[in-house]
Each structure stands twice: as structure tokens, then as C-alpha cells.
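First up is the structure itself, then whatever we jot down about it.
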Amino acid sequence: MSTDHPDRDVNAEDQPITEISKADEPETVKPEAVKSEEGDLAVAPVAKPRRLTMLIAIAAVILLSDILTKVWAVAAVKPGQPIEIIGDVVTFTMVRNPGAAFSMATSMTWILTLVAIGVVIGVIKIGRTLRSPWWALGLGLVLGGALGNLVDRFFRSPGIMRGHVVDFVSVGWWPVFNIADSAIVCGAILLVVLTLFGFEPNGERLRDHKADDKKLTESKAAAEGETK
């Protein structure tokens, strides 16, 4: 009489226990090995996720905040009647600005509108391939601020593309500004810092490239020395 179980795998006893357990484990996705120009195998870098959605979300928050605060300021702050927040140092003061951020270039409304449109198009173009979250933050601030002031240029008096921007935040000696102005300046500063420290829009760092190139050069020199 046979003692074998009818469902038993007759080959199971020939396999190590570790191999049987590994067969049930899910496969781990590993980076793909590719050949370099010299013919050596190298591990292909894993692409970082694109950050366009993050950029658009940040810009949308800035744009909505700018529009809502300007609507409030127009309704609540009367021209020539500032609202004191911290004495006369921080106040809400209504100013209709035909110029750029912080009341600069007041006689160039048309040109400033075209420049802002160009900035929006440029940021969106860069954002399509953006992979750095810090660049997404900086560009999102610039995009949201540019769109916020563009809304005023198109929909406020005295007319389309000549509309005056609503500024209402006054801090000490600093020119009166709004949320859009602050976002543009903060975003621009962040982008300059990222550029100075070598952070690129694709999520990589210029310094890392230089270090990798140096290691590659040293390894090639060592390999050539061994072959001589």
C-alpha cells in the first residue's frame, strides 16, 4: 500500500527548502543593466517622477489666494484710508499700480503684460519635463504670481492689457505689494539659489556629475596603468 499523498509534488523533496520559499516571493524590479560607450555594463539610472502636477497645484494656490485677497482689499480698503495692522509699520493701503512688481516701470503697462505672458508660456514649457520638486516650487510661485497680476491686466480698468494691478500690503519703507508680487520675488530668489548650488530642473545636481566624471577618469587611468 502506497503512503504517498495524492497531491504531493514528487519533485519537492529534491528541491531545497529555501528555493521552494523563494518561488512564492514576488519578483523585485531591479534597475536595468545597460552597456556604456566603452562596452562596460552599467546600471541605468531610475528616472524621477515629473513635477508638472506639483507646479500647477502651487500656481493654482497662489493664483486663487491672490484673486481672493484682491477682491477683499477692493471691498474693504478705501483709497487714502489705510488699515493699520501693526501701528503705521504694517498697513493695508490701496494702490492701483500700472507698473511691474513694487510699482516699478509704471509707464510700460503693455510691455509688462506681454512679458508676463512670455513668462507664463516659458514656465509651462519648462514644467513639462520638470523632475525637481524645488524647481517645481520656484516655478510654481513665479507662474502663480504672473497669472495673478495678468488677471488684473486683462480684467481691471482702464482696459484689456492696460489694467492696473491692485496692491494693498504696505510694510515700512518697502513699496506696496500683493501676494502675486511676493510669490514672483520668492520664486525667483529660490530659482537663483538652486542654480548657484548646481541643482538642475531634471532633479540632478551638477556637482554630482563632476564627481562621477572624476571617478570615471580615475578608474580609466588605473585600468590603463594595470594594462601597461
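Provide the FRET efficiency to the nearest 0.05 for the Trp110-Ala188 pair, computing r from the beta carbons and using R0 = 30 Å.
My answer for the efficiency is 0.85.
Under 5 Å between amide H atoms, partner at least 5 residues away or on a different chain: which partners does Phe199 have, H built in plane at 1.01 Å?
Amide H to amide H, under 5 Å and 5 or more residues apart or across chains, Phe199 pairs with Leu206.
Please give me the summed charge of the neighbours of Leu63: other residues whose Cβ is under 14 Å from its Cβ, Lys and Arg +1, Asp and Glu -1.
Values: positive: Lys70, Arg153; negative: Asp66, Asp152, Asp181.
Around Leu63, the surrounding residues sum to -1.
For q values of 0.25 Å⁻¹, compute log₁₀ I(q)/I(0) with the Debye formula on a Cα-only model of segment 136-191, without solvent.
-0.93
Measure off 7 Å from each Cα along the Cα-to-Cβ vector at Val74 and Met161, then give the distance between these two points in nanometres to one decimal.
For the pair Val74/Met161, the computed spacing is 2.1 nm.
Provide the gained length on full extension for the span Ile121 to Ile56, in nm with one decimal, where the gain is 0.36 nm per separating residue minus the Cα-Cα distance.
Separation in residues times 0.36 nm, less the Cα-Cα distance, equals 22.1 nm.
Each value in this text was obtained by applying a stated rule to the coordinates, not by laboratory testing. Here the structure is a predicted model, which is why all the values come from computation and not from measurement. Cβ coordinates were reconstructed from backbone atoms using ideal geometry, including for glycine residues, and neighbour counts include every protein chain displayed.
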